[in-house]
Every structure is written in structure tokens, then in C-alpha cells.
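Presented below is the structure to which this report refers.
The values are calculated or read from the model by the stated rules, or taken from the named source; none is laboratory data. Just so it is clear, the structure is predicted and the values come from calculations on it, not from any experiment. Here the Cβ is made from the backbone with ideal geometry for all residues, glycine too, and neighbour counts use every protein chain on show.
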């Protein structure tokens with residue numbers, strides 16, 4: 001018979017200790033040990049039992065087979081009806097899969113999943129929305145406002161895990177949305193809802209149910225103030241897909257990314273705009289992001305960035321001004337890796353002889369998009385150089401390339417896609433690394449080998 005014992009589990013690494021400590025002995029995290037009730041397992045397999053048995057003993061687990069003999073199973077994704085969501089999921093939701101959607105409060109996670117559930121139900125399938133934070137009437141009012149009501153859309157306002165599993169057995173949905181995993185609890189555990197033990201236990205039960213029934217389960221997860229997903233690390237490990245929904249609550253643009261996906265590639269980007277009737281898909285994000293760009297401003301230029309396999313044209317802006325205290329000049333970056341900006345400024349000051357040590361430098365990617373690839377180096381440096389000298393870059397010019405510490409301009413991946421997107425939006429000139437062979441018709445390539453050469457080419461126009 002199983003017996004209960006009290007243990008302390010680390011929220012960061014999942015390590016278990018019998019006594020509480022201020023610091024986790026495994027990963028060193030402070031104040032990360034949380035008390036929980038652990039059900040010790042029954043009799044364990046004796047050490048060496050499997051090795052001493054001449055053949056396979058039933059009950060000791062799955063029998064190993066040759067990998068070449070395993071029957072291949074195709075995980076066919078079912079489209080949700082939302083093109084941007086299906087793009088990130090590489091076609092849609094796979095039956096029996098479990099996904100986690102995380103994001104800050106107010107970004108629109110519930111709205112996104114309710115629209116996806118409504119679109120799936122409108123196609124003739126069944127979708128069940130389980131809300132632990134809103135009543136049935138509230139969810140129904142939101143669905144009516146979004147225009148997603150249909151015969152195949154079901155709703156339950158429940159936080160008790162056994163009741164949720166019973167509802168899934170009754171409805172037999174193709175998609176089950178859990179909003180949110182932190183609100184669920186199982187009466188079999190004494191821990192409070194949202195605790196490490198409850199979140200881990202409920203997630204594991206939902207994963208097992210999804211695999212048994214073939215229903216795709218999507219769970220909403222909260223994030224901490226540091227931006228990481230709340231709850232134990234195991235939550236991210238047991239699910240098949242982890243999606244992040246980003247965006248400022250005071251801005252309309254929302255970005256959906258897949259940071260983990262067992263059924264396809266990660267790195268794809270889906271863009272939505274929050275409107276009065278819900279989330280609207282942005283079919284042409286490059287034109288959307290550059291729609292309000294003003295020509296003739298120093299420090300402003302266009303970068304063809306890549307998000308997964310999708311080219312995205314964004315505007316990079318820089319502002320350089322005298323620091324109030326030259327000994328404490330500020331370096332601020334929005335939408336870029338903040339740690340890379342001081343290194344690029346050092347290259348610009350050393351190789352191009354632009355004195356910036358006593359200047360405040362502000363760099364921003366407009367529109368709420370975050371760019372982390374090295375291909376943005378040349379665009380950032382030319383933007384800062386333009387802001388320092390006061391000359392504007394030609395409006396029909398795009399810039400990309402990685403810059404080394406010696407000032408050399410290096411090649412980047414997906415160059416043809418970047419150039420094709422720039423040409424599609426009417427740009428006629430591109431400052432690129434010298435290793436680029438050719439570009440699409442109508443786009444003039446300014447090939448450069450060094451940062452100084454790039455600055456001179458841009459200034460000449």
C-alpha cells in the first residue's frame with residue numbers, strides 16, 4: 001500500500017530533499033524549495049532482476065525492440081482554421097498532443113484559444129473550453145462578441161480535475177482548452193491549487209488522458225514577473241509544444257512563437273493584431289510594421305530580419321545625444337540583445353573612429369518585434385552612425401549583415417529570402433556582405449567588406 005510522506009521539491013530544477021533549506025543543494029537556487037506530499041511507490045523491482053532473467057519478464061515495462069522494426073506512425077496535424085496559428089504549429093494541432101500557451105496577463109491568450117476552438121468547431125469538430133477563471137456566462141459572452149459560437153463548441157467552468165476528466169469523457173472533444181493549468185486541483189492531493197505538486201500532477205493526468213483519447217489538449221500557463229513560465233520545470237518537459245504569446249497590453253500587435261515543438265520546427269512567428277472583435281491575423285507583417293514609417297529621418301533604416309523561415313522587414317531607429325554625465329553614458333536597446341550593443345559600439349568607435357564613449361545611445365526596433373540574430377549588426381551600426389552624423393539613409397535601402405570585431409562584414413543565412421521580401425515591398429537597394437552572389441531583378445546590391453566601406457556607401461546616397 002502506498003504511503004504518503006512530506007518532501008521539499010525545487011521549483012527550478014525539480015530536485016527533491018527531505019528537509020527544507022534556503023538554497024537548493026542541486027542547482028543552488030535560493031528560496032526555491034516548496035513543501036509537497038509525495039506518494040511513495042509500492043514494491044520496486046529488485047536490483048539486477050531484469051539482468052538476471054533469461055528472457056523478458058512481463059510486468060517490468062515495455063519490451064525493447066530493434067529501432068528498424070518500429071512501425072512508423074504519421075502525426076497528421078489538424079488545421080485550426082487560423083492561418084497564423086497553423087503556421088507556428090506547422091500545419092495545426094496533432095491529435096493526442098498537449099500544448100502549453102504562456103504569456104503575460106492581458107496579452108490575449110484566452111481570446112486566441114477561444115477563437116481557435118470556435119474555428120475548429122465551425123469545421124465540424126468538437127471543442128471543449130474549460131475555464132477555471134471565468135463563469136460559463138462570461139465565456140459565452142466573449143465567444144458571442146468574437147463570433148465563434150457554434151454547435152460544436154462546449155464550455156465548462158470547473159477547477160476540479162476529476163470533474164474535468166469526466167467532462168472530457170462525456171463530450172469526447174477533438175480539442176480541449178484548459179484555462180488555466182494553475183487553477184486546477186485534485187482533491188486527492190492536499191496541496192493548494194497552483195502549487196508545484198498540483199500543477200505537476202494535473203498536467204501529467206491531462207497528458208495521459210490526451211494520449212488515451214486522442215484529444216488535443218491546450219493549456220494556458222501564467223508567467224512570472226521575470227518572464228519565465230510559472231510552475232515546475234516538468235510542466236515544460238511533459239508537453240509536446242510550448243508557445244509564447246507576446247505583446248504589450250497597450251499596443252495592438254501580438255506575436256506567437258513556438259519555443260518547443262515535437263511535431264515540427266521551432267522559430268516560426270505568427271502575428272496578430274488586437275481589435276475590438278478579437279485577434280485579427282496579420283497576413284503581411286512587413287507592410288504592417290513599415291506602414292507608419294516616416295522618410296528622411298536620421299538614424300532610421302530597414303532591416304530584413306528572419307523569424308524561422310519567414311522574412312520580416314522591420315525599422316531600426318537610433319538616437320545619439322550628449323550624455324548629462326560623460327562618465328556614465330547610457331546604452332539602451334529595445335527589441336535587441338542589450339548585451340550586444342556595447343560590443344557593437346566598441347567596434348564602431350575603434351574601426352570607424354566615431355567617438356561615442358561620452359554619448360547616450362538609444363537603439364530600438366519599432367513595432368514590438370524582437371530581433372536577436374547577428375544579421376542585425378550592420379543595420380544597427382549604420383543606424384547609429386547615421387544618427388551620430390545627422391545624415392539620413394536613403395528610404396529605398398535595406399541593410400543586413402553580421403559584423404566582426406575587426407569591422408569585417410560577414411555573410412548571414414537566408415539571404416535570398418531577405419532580398420526577395422525587400423524587392424516585393426518596393427525597395428531598390430540593399431547594402432549586403434560582399435559574399436552575396438546576386439539578387440532579384442530590380443534590386444541593386446551594394447556589396448561591402450568592411451564597416452567603414454558600408455558607412456561611406458550609405459553616406460554617398
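Quick look at the values:
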| quantity | calculated |
| --- | --- |
| Within region 260-271, considering residues that are at pLDDT 90 or above and in contact with a helix residue (DSSP H, G or I) (Cβ under 6 Å, 6 or more places away or on another chain), the one surrounded by the most Cβ atoms within 10 Å (Cβ to Cβ) | 271 |
| Among the candidates 243, 279, residue that is more than 18 Å from residue 14 (Cβ to Cβ), at pLDDT 90 or above, under 12 Å from the mean Cα position of the chain (by Cα) and not in a loop (DSSP other than H, G, I, E, B) | 243 |
| Which listed residue is touching a helix residue (DSSP H, G or I) at 6+ places or on another chain (Cβ under 7 Å), touching a residue at least 60 places away in the same chain (Cβ under 8 Å), under 20 Å from residue 305 (Cα atoms) and in a loop (DSSP other than H, G, I, E, B), from 398, 393, 413 | 393 |
| Test: residue in region 338-357 that is under 24 Å from residue 416 (Cα atoms), surrounded by 18 or more Cβ atoms within 10 Å (Cβ to Cβ), in the same structural domain as residue 406 (by TED's automatic domain parsing) and touching a helix residue (DSSP H, G or I) at 6+ places or on another chain (Cβ under 7 Å) | no |
| Among the residues listed as 75, 47, the single one being farther than 27 Å from residue 222 by Cα, assigned to a loop (DSSP other than H, G, I, E, B) and modelled with pLDDT of 60 or more | 75 |
| Residue in region 316-326 that is farthest from the chain's Cα centre (by Cα), counting only those that are farther than 27 Å from residue 265 by Cβ and in a strand (DSSP E or B) | 322 |
| Residue, surrounded by the fewest Cβ atoms within 10 Å (Cβ to Cβ), within region 183-197, restricted to residues that are within 25 Å of the chain's Cα centre (by Cα) and either modelled with pLDDT under 90 or in a loop (DSSP other than H, G, I, E, B) (or both) | 194 |
| All positions within region 294-305 that are touching a residue at least 60 places away in the same chain (Cβ under 8 Å) and either assigned to a loop (DSSP other than H, G, I, E, B) or out of contact with any strand residue (DSSP E or B) (no Cβ under 7 Å at 6 or more places or on another chain) (or both) | 295, 296, 297, 298, 299 |
| Per-region count, region 124-134, residues touching a strand residue (DSSP E or B) at 6+ places or on another chain (Cβ under 9 Å) and either surrounded by fewer than 23 Cβ atoms within 10 Å (Cβ to Cβ) or free of Cβ contacts under 8 Å to residues at least 24 places away in the same chain (or both) | 5 |
| In region 11-26, the residues that are within 22 Å of residue 201 (Cβ to Cβ) and assigned to a loop (DSSP other than H, G, I, E, B) | 11, 12, 13, 14, 15, 18, 20, 24, 26 |
| Residue in region 293-300 that is crowded, with 19+ Cβ neighbours inside 10 Å, assigned by TED's automatic domain parsing to the domain that holds residue 107, in contact with a helix residue (DSSP H, G or I) (Cβ under 9 Å, 6 or more places away or on another chain) and modelled with pLDDT of 90 or more present | no |
| Hits in region 143-157 - residues which are over 22 Å from residue 92 (Cβ atoms) and surrounded by fewer than 19 Cβ atoms within 10 Å (Cβ to Cβ) | 144, 145, 157 |
| Positions within region 424-446 being under 20 Å from residue 284 (Cα atoms) and crowded, with 18+ Cβ neighbours inside 10 Å, in sequence order | 427 |
| Hey, residue 200 over 24 Å from the mean Cα position of the chain (by Cα), part of a helix (DSSP H, G or I) and farther than 12 Å from residue 132 by Cα or not | no |
| Residue count, region 165-180 (criterion: part of a strand (DSSP E or B) and buried (at least 24 other Cβ atoms within 10 Å of the Cβ)) | 4 |
| Single residue of region 368-390 satisfying the filter (in a loop (DSSP other than H, G, I, E, B) and in contact with a strand residue (DSSP E or B) (Cβ under 6 Å, 6 or more places away or on another chain)) that is modelled with the lowest pLDDT | 368 |
| Test set (1) within 23 Å of residue 115 (Cα to Cα); (2) at pLDDT 90 or above; (3) touching a strand residue (DSSP E or B) at 6+ places or on another chain (Cβ under 8 Å) - residue 202 fails condition number | (1) |
